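The values are calculated or read from the model by the stated rules, or taken from the named source; none is laboratory data. This is a predicted model, so every value here is computed, not measured. Neighbour counts run over all protein chains shown; Cβ positions are idealised from the backbone, glycine included. Remember, those area values only see protein heavy atoms, side chains included, never the ligands or the DNA or RNA. Shrake-Rupley method; radii C 1.70, N 1.55, O 1.52, S 1.80 Å.
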Amino acid sequence: MKTKLTFIVITFIFFTIALTGQNTTRFNCDIVIDGSTINYPFTGGINSPQLNKMDLNNDGLEDLIVFDRLGDKLSVFINNKGEYVFSPEYENIFPKIEYWMLLVDYNNDGLKDLFKSSGSSDIEVWKAVAINDKIHFEKYKNPYFPKDVLSRKKNSGNGYFKIENLQSDIPAIVDIDKDGDLDILSFSDGISLKLYKNICVENNISLDSFKYIWTNNCWGRFEEDNFSSEIHLSTNPYRCASQAMMFQRHAGSTTLLLDMDDDGDFDALIGDIAYDSLMYLKNGGDSNNAWMTEIERGFPSYDTPIALKSFIAAAYIDLDFDGIKDLVLTPNEDYDYENHPQNIDNIYFYKNTNTNSKPNFKFVKKDFLVDKMLDLGGNIYPTFTDVNADGLMDIVVGTGPKVSFENITPSKLYYFKNTGTKTTPKFELEDSNYLNLKKISSESELSYFTPSFGDLDGDGDNDLIIGNHKGTLIYLENKAGKGKPYSFESPILNYKNINVESFSAPNIFDHNNDGLGDLIIGVGANFHDDQKNLGAVVYFENTGSTDSADFNSDALQKPNNSFYGELDYNEDFSYTSFATISTYQDDKNNLLFTGFKSGGINIYNDFIGHRYDKLTPYIEKYGDIDIGNKSAPAVADIDHDGYLEILIGTDRGGFEFWNTDIKIHDGVSTNEPNLKSRFEVYPNPAKEYIYIKTDLGNIKDIKYKLTNIWGQTVKSGNLCQVNNKIDVNVLKEGIYLLTLSSDGKNYSEKIIKQKN
């Protein structure tokens, strides 16, 4: 009776979850490169990071918050007694961030508050509050302005204007006059720093509010040049530097103010989209009248110079837990197809060997934090396949160019061999230039490789199709035969003259059940013009025969379909592919997974036989997964627990790996009923204890593991022969995964922990 009741409860719970959001947890396994296990294998990578620090878990230690403006992705690393630990469970504390963010305590309550971009040039503030020892952010409501963004009083008359900071820029938010409230400096005209003075203290207004006036149109009396990377200084402490011709300069500046020489006023570190170095401006004035009198180019010129391609952002935070703030330099670029942003060696760490009030910086490394990540550069497209025919799924990854300061490494394929077991996968980098695709990328000027394995010619083994940024296909026929390690023929470029013109992301799947692999291809923006009226996914039917695949290259002629499923992910026009595709099939499921520009995953079921029909998502934005921009999913039951996992490539150079509650129904999980029939779990939901009643028979040594939604183990142990009791009283309310395992067999069940 209990088993039946438990089943009903679980069914109800998961039906509710299906309506309100799916149960997704982080999947964790070891990734090994050159013999070393990667500390943070599934952060998704880093390209254009902004680093801030704040105590998020109320332990008195400041944690590291990394916001990557490429994809608008935020990652959290908790300070665990002097070691950074990737902690994605803290990401949802923050509101959605775009372009830039700064954490500064504006009301002197000991909690850092969030200043962030809003729209094209607005500034939002989110106040940090602690509720039951947990940090929350509440949006500041502006009583003076129609929008809840920072504003300043008009210089004459009544009314307010918004304070502007261009979305490309990072402003300075500091107490410039040291009166106790925070002022703002911004390159709102692209030429000079404008000072917006906070007059809360002068007017006896609570620091929980803001009241700004515009007091200085040229703080520091310097100007950036209209046409070069020069900075013009003024010879007069009361007059702005002047240029012969005055034009609105391009946007793109970053500002860090700090007192470099302990003289009581702020000096400036300026980065700019036109600079490949950092400018240090010495303040020869004072805190009331800043006057920049000296320039040091390529700061810090007295130590190892910075080597970032352009648009450098600087942060002044304590990176190494010694209580002294260090200098961090990073690129602040968005994606640009023609001028690739630097995507490796992109967090420069300069240790402060002196004091906070008079720093001296010494170079430590150029890959801080990134050296502990799985980061292959940018634009990652993974797929699961069994390369060596050992029964374990391996990972093959296509990449975009890897860009350092000195050179650009062409796109290529990486092969990660699964050296674990069926239930505990472990991936080791076997080949960093699999099938020598790097040579093709270089010689043919093809980039952004998107691989797909499948039986294209109906001979029983998996062939390989690779997309690229030009929209064509590369084909490698597998001659090994069914069940044997892959052995590919020489690559064929421009396969069958198929060309979707921009960023092809192919998938091989038999859509019409004729035994031959067909192609569905996610495409880029250039394939969405008025003349062709094409969608985000194009279908090409294999019209060949066994051992001889063939295709008509014209997407507009049936049996092809230029607007497959009427799937249109044309969110805005850009160079990268709008749709990446993964498919899964077993004896009950036919599932199509699509990733798209805004970073989510859509799932479509029963799509076979509906090549010309409109497809409606079975699940839209599955699990509210958001990896930033341009999600590229690959799916498999990688640990043989009876549920699919999703490995998602990002444009930031790495992966995110997720469990799902999508149950599979093929032979992979035939072991599951043998275990399930021998125990019952109750109550579920549970408040204090979970009971596991067992009938093990001849089965011995069954282990249990209880993991939270982030994949972290919170309870583990062995089951006894009859009755077992697991104390969950101290666990937080939420969803957990109970996994039982014995002799390579597994059964998993979702457990709901209710509040006591």
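Key figures
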read-out: Bridge type composition, the stretch 279-396 - antiparallel percent by DSSP, nearest 5; value: 95 percent
read-out: Phi to ³J(HN,Hα) by Karplus 6.51 cos²θ - 1.76 cosθ + 1.60 over the stretch 317-330, Hz, x for Gly, Pro; value: 9, 7, 8, 10, 6, 9, x, 10, 6, 10, 9, 10, 10, 9
read-out: Distant-in-sequence amide H partners of residue 714 (H built 1.01 Å from N, under 5 Å); value: 706, 707, 708
read-out: Over the stretch 403-508, relative contact order from alpha-carbon pairs under 8 Å, at least 6 apart, %; value: 20 percent
read-out: Amide H within-cut-off set for residue 317, under 5 Å, with H built and near neighbours excluded; value: 326, 328
read-out: Loop chymotrypsin sites (Phe, Trp or Tyr not before Pro), the stretch 286-329 (other Cβ atoms within 10 Å of the site Cβ: 14 or fewer; DSSP); value: 302, 321
read-out: Percent accessible area from carbon and sulfur atoms, the chain, protein chains only, probe 1.4 Å; value: 47 percent
read-out: For residue 661, residues with placed amide H under 5 Å, excluding near neighbours; value: 23
read-out: Quarter of the Cα convex hull surface for the chain, i.e. its orientation-mean projected area (nm²); value: 35.9 nm²
read-out: Per residue value of the accessible surface for the chain (all protein chains in place, 1.4 Å probe), Å²; value: 41 Å²
read-out: Low-density loop positions, GluC sites (Glu not before Pro), the stretch 330-433 - DSSP coil, at most 16 other Cβ in 10 Å; value: 338, 406
read-out: 0 to 90° range, to nearest 10: angle between helix 2-20 axis and the chain longest Cα axis; value: 50 degrees
read-out: For the stretch 463-529, alpha-carbon Rg over 2.2 N^0.38 Å; value: 1.21
read-out: Relative contact order, percent, the stretch 62-168 [alpha-carbon distance under 8 Å, six or more residues apart]; value: 17 percent
read-out: DSSP-defined beta bridges in the chain - what % are antiparallel, rounded to 5; value: 95 percent
read-out: The stretch 68-119-the stretch 437-451 distance, computed between alpha-carbon centres (Å); value: 37 Å
read-out: For the chain, cysteines whose Cβ has no other cysteine Cβ within reach (under 4.7 Å); value: 29, 200, 720
read-out: Dipole moment magnitude, nearest 20 debye, the chain about Cα centre, only Lys, Arg, Asp, Glu C-beta charged; value: 1820 debye
read-out: Gap separating the Cα centres of the stretch 304-369 and the stretch 615-634, nearest whole Å; value: 33 Å
read-out: Most positive-pole-ward Cα, 684, 642, 483, against dipole of the chain from beta carbon charges; value: 684
read-out: J(HN,Hα) series, the stretch 462-474, from Karplus relation 6.51 cos²θ - 1.76 cosθ + 1.60, nearest Hz, glycine and proline x; value: 8, 8, 10, 10, 10, x, 7, 5, 7, x, 8, 10, 10
read-out: Rule-of-thumb Rg ratio for the stretch 226-325 [Cα; 2.2 N^0.38 Å; N residues]; value: 1.16
read-out: Leading residue at positive end of dipole, the chain (Cβ point charges), from 355, 108, 256; value: 108
read-out: Sparse-neighbour loop sites [trypsin sites (Lys or Arg not before Pro); the stretch 192-237; at most 13 other C-beta within 10 Å; DSSP]; value: none
read-out: Using θ = phi - 60° and Karplus 6.51 cos²θ - 1.76 cosθ + 1.60, couplings along the stretch 212-227 (whole Hz; Gly, Pro as x); value: 10, 10, 8, 10, 8, 8, 8, 5, x, 6, 10, 9, 7, 5, 5, 10
